[in-house]
There are 2 protein chains.
Amino acid sequence: MDELFMEEALAEARLAGQAGDVPVGAVIVQNGQIVARAHNEKEAGRNAVSHAELLCVEEACRILQRWRLSDCTLYVTMEPCPMCAGALWNARIGRIVFGIKDPVAGACGSVWSFADSPMHWKPETTSGIKAKECKELLSLFFEKRRQENDRRKEDRP
Amino acid sequence: MDELFMEEALAEARLAGQAGDVPVGAVIVQNGQIVARAHNEKEAGRNAVSHAELLCVEEACRILQRWRLSDCTLYVTMEPCPMCAGALWNARIGRIVFGIKDPVAGACGSVWSFADSPMHWKPETTSGIKAKECKELLSLFFEKRRQENDRRKEDRP
């Protein structure tokens, strides 16, 4: 089941990449059903808070009409940043499943770990689900961006 | 000037309290002008991400049509939580001014400190501005809530 829902998060991530944003996607699942889905829209929406996970938590709360998501699981292609991990904490999410780790800004174990903090919130956390696909999507995006930047440099008079 | 803008954040905090939310308010200032203002709407909006600072960053980005707020200052009555400090970091906010510290979930020095992290973001941070007023507002709110809870218990058959 984890692979199935991560595939849906990957579909969201592809939408972000097509719009020129770093390809990260997320879905929130309750009782085996997707209740919210979102992708990174930071550049497209010109908004610092428009990360996939935060938008997904916002949407799930709107749909379920409550701020507490302890019966829900978040699937996201990359480890959440401090803002997003903080949003998951504020929502008391029950479980977090992510694809690849983020050694630069990961807040679910890589750089910070809120779940190990003195807060009464210990979500089950699983990483590495469809990690190859999640990583490939990001690598292709950054490779394409590098090539575009190089072309722009060559075009300069 | 800091006292003046914190007074505006306090006005927002009072609106939150009147609506039944923990009274925290925030404003974002650019070139001596308030560009965004918001208050905690977690309970009223039934949304885990609707903290004053996050809503304020979201609004400032929408108004300025960019995710980078490095020329802006955030004023907030209480020290930001991890989600909100993370949002300020994602927006590369230039300066943070808060009223009182939060020993339970403060992420600007009290429990966590993103600004001391290996990230290239070192906002100027000032605390203690109008701290007495910020604290009084919170104390009154929680005292009122305790009294209401006690009354409810007494009313039980």
| Would the stretch B:81-90 turn up any residue that is farther than 17 Å from B:N40 by Cβ and buried (at least 18 other Cβ atoms within 10 Å of the Cβ)? | yes
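Would you point out the residue of the stretch A:80-94, among those that are aliphatic (A, V, I, L, M) and in a helix (DSSP H, G or I), that is nearest to A:Q30 (Cα to Cα)?
Restricting attention to the stretch A:80-94, the residues satisfying the condition of being aliphatic (A, V, I, L, M) are A:83, A:85, A:87-88, A:91, A:93.
Subsequent filtering for residues that are in a helix (DSSP H, G or I) retains A:83, A:85, A:87-88.
Values: A:M83: 22, A:A85: 19, A:A87: 17, A:L88: 15 Å.
Going through the qualifying residues, I end up with A:L88.
Scan the stretch B:40-74 residue by residue and report those that are part of a loop (DSSP other than H, G, I, E, B) and among the small types (G, A, S).
To start, the set of residues in the stretch B:40-74 that are part of a loop (DSSP other than H, G, I, E, B) comprises B:40-51, B:65-71.
Result: B:A44, B:G45, B:A48, B:S50, B:S70.
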| request: Could you list all residues from the stretch B:55-83 that are at the interface with another protein chain (Cβ under 10 Å from one of its Cβ atoms) and either of a type in the set (A, V, I, L, M) or touching a Pro at 6+ places or on another chain (Cβ under 6 Å) (or both)? | output: B:L55, B:V57, B:A60, B:L64, B:L69, B:P82, B:M83
| request: Output the residues belonging to the stretch B:84-105 that are at the interface with chain A (Cβ under 10 Å from one of its Cβ atoms) and in contact with a Lys or Arg (Cβ under 7 Å, 6 or more places away or on another chain). | output: B:A91, B:R92
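A:T77: surrounded by fewer than 23 Cβ atoms within 10 Å (Cβ to Cβ), modelled with pLDDT of 95 or more, outside any helix (DSSP H, G or I) and touching a Phe, Trp or Tyr at 6+ places or on another chain (Cβ under 9 Å), yes or no? Walk me through it before giving the result.
Working: surrounded by fewer than 23 Cβ atoms within 10 Å (Cβ to Cβ): no; modelled with pLDDT of 95 or more: yes; outside any helix (DSSP H, G or I): yes; touching a Phe, Trp or Tyr at 6+ places or on another chain (Cβ under 9 Å): yes.
For A:T77, the condition - surrounded by fewer than 23 Cβ atoms within 10 Å (Cβ to Cβ), modelled with pLDDT of 95 or more, outside any helix (DSSP H, G or I) and touching a Phe, Trp or Tyr at 6+ places or on another chain (Cβ under 9 Å) - is not met.
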| request: Name every residue in the stretch B:16-39 that is more than 21 Å from B:Q147 (Cβ to Cβ), outside any loop (DSSP other than H, G, I, E, B) and in contact (Cβ under 8 Å) with a residue 24 or more places away in the chain, in order of residue number. | output: B:G25, B:A26, B:V27, B:I28, B:V29, B:Q30, B:I34, B:V35, B:A36, B:R37, B:A38, B:H39
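Condition check: under 17 Å from A:T126 (Cα atoms), more than 12 Å from every other protein chain (Cβ to nearest Cβ) and modelled with pLDDT under 95. Does A:M1 satisfy that?
yes
So that you can scan it fast, the table gives a plain yes or no per residue for (1) touching a Pro at 6+ places or on another chain (Cβ under 8 Å); (2) of a type in the set (V, I, T); (3) away from every other protein chain (no Cβ under 12 Å):
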position: A:A16; (1), (2), (3): yes, no, yes
position: A:G20; (1), (2), (3): no, no, yes
position: A:G25; (1), (2), (3): no, no, yes
position: A:Q30; (1), (2), (3): no, no, yes
position: A:G45; (1), (2), (3): no, no, no
position: A:A48; (1), (2), (3): no, no, no
position: A:E53; (1), (2), (3): yes, no, no
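What about A:F98, is it aromatic (F, W, Y), touching a Leu at 6+ places or on another chain (Cβ under 9 Å) and at pLDDT 85 or above?
Details: aromatic (F, W, Y): yes; touching a Leu at 6+ places or on another chain (Cβ under 9 Å): yes; at pLDDT 85 or above: yes.
Yes; evaluated as a whole, the condition is true for this residue.
Quick one: which residue in A:W112, A:W89 is among the aromatic types (F, W, Y), touching a Gly at 6+ places or on another chain (Cβ under 9 Å) and closer than 25 Å to B:P103 by Cα? Working first, answer last.
On the way: A:W89 fails: touching a Gly at 6+ places or on another chain (Cβ under 9 Å).
Matching residue, one of A:W112, A:W89: A:W112.
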| In the stretch A:97-113, is there at least one residue being closer than 30 Å to B:V22 by Cα, surrounded by 23 or more Cβ atoms within 10 Å (Cβ to Cβ) and touching a strand residue (DSSP E or B) at 6+ places or on another chain (Cβ under 9 Å)? | yes
| query | Do we find a residue being in a strand (DSSP E or B) and closer than 21 Å to A:N90 by Cβ anywhere in the stretch B:101-111? | reply | yes
| note | Conditions (1) in contact with a strand residue (DSSP E or B) (Cβ under 9 Å, 6 or more places away or on another chain); (2) at positive phi -> A:H51 fails only (2)
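The values are calculated or read from the model by the stated rules, or taken from the named source; none is laboratory data. These numbers were taken from a predicted model, which means no experiment stands behind them. Cβ sites come from the backbone with ideal geometry, for glycine too, and all protein chains shown count toward neighbours.
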